[in-house]
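The values are calculated or read from the model by the stated rules, or taken from the named source; none is laboratory data. Since this is a predicted model, take the numbers as computed values, not measurements. Cβ placement follows ideal geometry from the backbone for every residue including glycine, while neighbour counts extend to all protein chains displayed.
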Amino acid sequence: MLHVVTAESHAAGVPEISGEIDGWDLLAEITKEAKSLEPSSGSVLDGIAIRGVLLKGNPARAIVQMAQVESADLIMMPSHGSVFEQFLLGSVTARVLHGSECPVWTGAHVEKLPVREFPIRNVLCAIDLGPNSRKAASWAAQMAAEFGARLTLVHVTASVELWGPGGTYVDPRLKQELVGDASQHLQELQQEMGINADVLVGSGDVPKVLSQASQRTKADLLVTGCYPYGGNLLIHGYAIICAVQIPVLSV
């Protein structure tokens, strides 16, 4: 468990004096906070070997460097928080997504999660048909197999709406070509990888379509490639995280 001490950390109870920080017990504070929110939640840490690490410096850079030093297989972090300024922490998350060489799991982008057991019954995997498609599909298939969950592959094409007299309209031939081509590629990907999944193809605004797909499939987890849809992850990746309101695993 890693915390990077910044000026904003003091609002969460981290000591301001350098000498006191060295003796501050990160794990004890996390456990105390968890038990104060929900008495039973503190027990999830029982019996687990945990090392607490406090660092100073640029949060995103420190997290990425620590992951490299530790040869981490996965980084787990919130998409924003209620104690810190959410846009500040959000920018840290976006930069970690952009700079990390290992997968990043971000929590649901909501202010307050319901107090319940977290299930994984439905996994949604966003496929852009680019170089990272197989990696994303492989992670999603493994997660679905591990938890006995239903897997759905979703692809978002370019918009099929065109401007014309009186506003916009959908070109049916363009829609048929885009959707048909994407569906064929998704079927071929499944056959090559030996996986079995439902398929959804949408068009237009990527975060909005993925949000709708997550609701339609009742997804508990969204798996995406690191550079979805050929765009800048600092824009698209974090926008997706904010839109879907479920945990996102970026691989």
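Against the condition at pLDDT below 85 and over 24 Å from E146 (Cβ atoms), how does V92 come out, does it pass? The answer is yes for V92.
Quick check on the stretch 28-48. Is at least one of its residues of a type in the set (D, E, K, R) and at pLDDT below 55? Looking through the stretch 28-48, at least one residue is of a type in the set (D, E, K, R) and at pLDDT below 55.
Take V156 and decide whether it is modelled with pLDDT of 85 or more, within 26 Å of S91 (Cβ to Cβ) and either of a type outside the set (V, I, T) or part of a strand (DSSP E or B) (or both). So that I can check it myself, show each step before the final result.
Values: modelled with pLDDT of 85 or more: yes; within 26 Å of S91 (Cβ to Cβ): yes; either of a type outside the set (V, I, T) or part of a strand (DSSP E or B) (or both): yes.
Yes.
The set of residues in the stretch 216-233 being more than 13 Å from the chain's Cα centre (by Cα) and at pLDDT below 95 consists of Y229, G230, G231, N232.
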